[in-house]
Amino acid sequence: MTADARATILVVDDAPDSLRFLTDTLEGEGYGVRIARDGNTALASLAAELPDLVLMDAVMPGLDGFETTRRIKADPALARVPVIFMTGLSETEHVVDGLAAGGVDYVRKPIVLPELLARLRVHLGNARMAAGAQDALDASNRPLLALDSEGRILWTTPKSAAILTARFGVGVGDRLPPVLVGQLMRLGEGTVRQEFPGGKVEFAVVASAGEERHLRVTETLEGAEEKLLAQRHGLTEREAEVLLWISRGKANREISEILGISPRTVNKHLEQIFEKMGIENRASAAAAAVKTLSQ
């Protein structure tokens with residue numbers, strides 16, 4: 001039994017003979033098989049439990065394979081599952097439509113089994129590597145996304161997908177708000193910040209590859225930075241607030257105005273911060289705070 005044999009394939013086809021043929025073949029190869037006879041049933045099956053790959057018939061009554069795949073790719077919870085189209089359509093425009101909808105490959109009916117099985121192995125392997133890489137990025141606190149030149153989301157890591165859905169209501173295949181896209185396309189160094197009630201989302205360019213722009217996405221809830229500094233360095237809430245503003249390059253007078261305390265009180269807090277952190281000056285405190293927040 002190969003490594004792929006433990007994978008589950010969702011076969012979506014409205015033809016009973018085709019479903020029977022594919023089910024028998026795939027189960028014979030050791031794959032787990034689930035079936036759906038229309039697009040809506042396929043979406044419900046995906047929502048209940050993710051398969052490792054979808055074999056999608058392009059032409060079905062009601063919700064066809066193209067639209068079903070577009071909906072799969074628009075949902076961050078489903079978008080990572082690779083979709084291979086299978087159909088008797090042979091015109092180039094149909095192939096293009098399938099790939100544009102989010103399919104990773106296209107096989108024509110009548111299906112040539114050795115070719116189909118080879119494609120399954122390749123795409124299952126690619127999907128596992130991609131999923132592992134994306135999970136690793138999230139685990140190392142690097143939630144990323146890729147945009148094309150028009151601001152359309154090409155791919156995301158799971159954590160960035162959750163942020164984009166919650167804050168902007170968008171997913172893979174959607175475009176970010178036009179004003180934000182304009183800022184991101186002009187962004188070289190630094191960040192673009194979007195404020196929300198109770199928090200903010202920041203985007204920073206990581207790399208560009210051709211027409212793709214790769215961005216790191218960071219969501220910060222109100223008060224989270226101060227809480228982190230307080231916990232990490234054993235500070236009071238007020239001391240953590242002072243340290244945060246020091247890390248942002250603010251002078252004592254500015255900090256006193258922001259926090260509504262006197263400059264003398266700011267100085268007293270600084271003395272306590274230096275003692276608790278075991279450092280001697282403002283620059284060292286700011287550097288330590290920046291390091292803590294970046295992690």
Does region 3-138 come out rounded, prolate or oblate by the C-alpha gyration tensor, with a ≥ b ≥ c the root eigenvalues, rounded set by a/c under 1.5 and, if not, prolate when a/b is larger than b/c and oblate if not?
rounded
Reachable aspartates and glutamates from residue 291, Cα under 14 Å, same-chain residues fewer than 8 places away excluded?
225, 226
Under 15 Å from the Cβ of residue 68, count the other residues' Cβ atoms, weight Lys and Arg +1, Asp and Glu -1, and hand me the total.
-3
Residue span residue 117 to residue 294: 0.36 nm per residue of separation minus Cα-Cα distance leaves a gain in nm of 59.2 nm
Place +1 on the Cβ of every Lys and Arg and -1 on the Cβ of every Asp and Glu in the chain, take the dipole about the Cα centre, and give the residue among 261, 72, 234 whose Cα lies farthest towards its positive end.
261
Taking the Cα centre of the chain as origin, sum charge times position over the Cβ atoms of Lys and Arg (+1) and Asp and Glu (-1), and report the length of that vector in debye to the nearest 20.
1140 debye
What list of ³J(HN,Hα) values in whole Hz, one per residue of region 159-173 in order, does the Karplus curve 6.51 cos²θ - 1.76 cosθ + 1.60 (θ = phi - 60°) give from phi, with Gly and Pro shown as x?
5, 5, 4, 5, 5, 5, 5, 5, 8, 10, x, 10, x, 4, x
Through the Karplus equation 6.51 cos²θ - 1.76 cosθ + 1.60, θ set to phi - 60°, convert the phi angles of region 50-55 into ³J(HN,Hα) values in whole Hz; use x for Gly and Pro.
6, x, 7, 7, 10, 9
Counting DSSP beta bridges with both partners in the chain, what percentage is antiparallel, nearest 5?
60 percent
In whole Å, what is the distance between the alpha-carbon centres of region 26-45 and region 65-121?
14 Å
Out of all Cα-Cα pairs in the chain, roughly what percent, to the nearest whole number, are more than 34 Å apart?
40 percent
What's the extension gain from residue 258 to residue 175 if we count 0.36 nm per residue and subtract their Cα-Cα distance?
26.2 nm
R0 of 30 Å, Cβ-Cβ distance residue 212-residue 236: FRET efficiency to nearest 0.05
0.10
Once amide H atoms are built 1.01 Å from N in the peptide plane, which residues 5 or more positions from residue 106, or in another chain, come under 5 Å H to H?
85
Length gain on complete extension for the stretch residue 59 to residue 92, per 0.36 nm per residue less the alpha carbon to alpha carbon distance?
10.4 nm
Please list, or write none, the lysines whose alpha carbon is within less than 22 Å of the alpha carbon of residue 268, excluding same-chain residues fewer than 8 places away.
227, 250, 276
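Bear in mind that the values in this text are calculations on the coordinates, not laboratory data. Just so we're clear, the structure is a prediction, and the values are computed from it rather than from any experiment. Every residue, glycine as well, gets a Cβ built from its backbone with ideal geometry; the counts of neighbours run over all protein chains shown.
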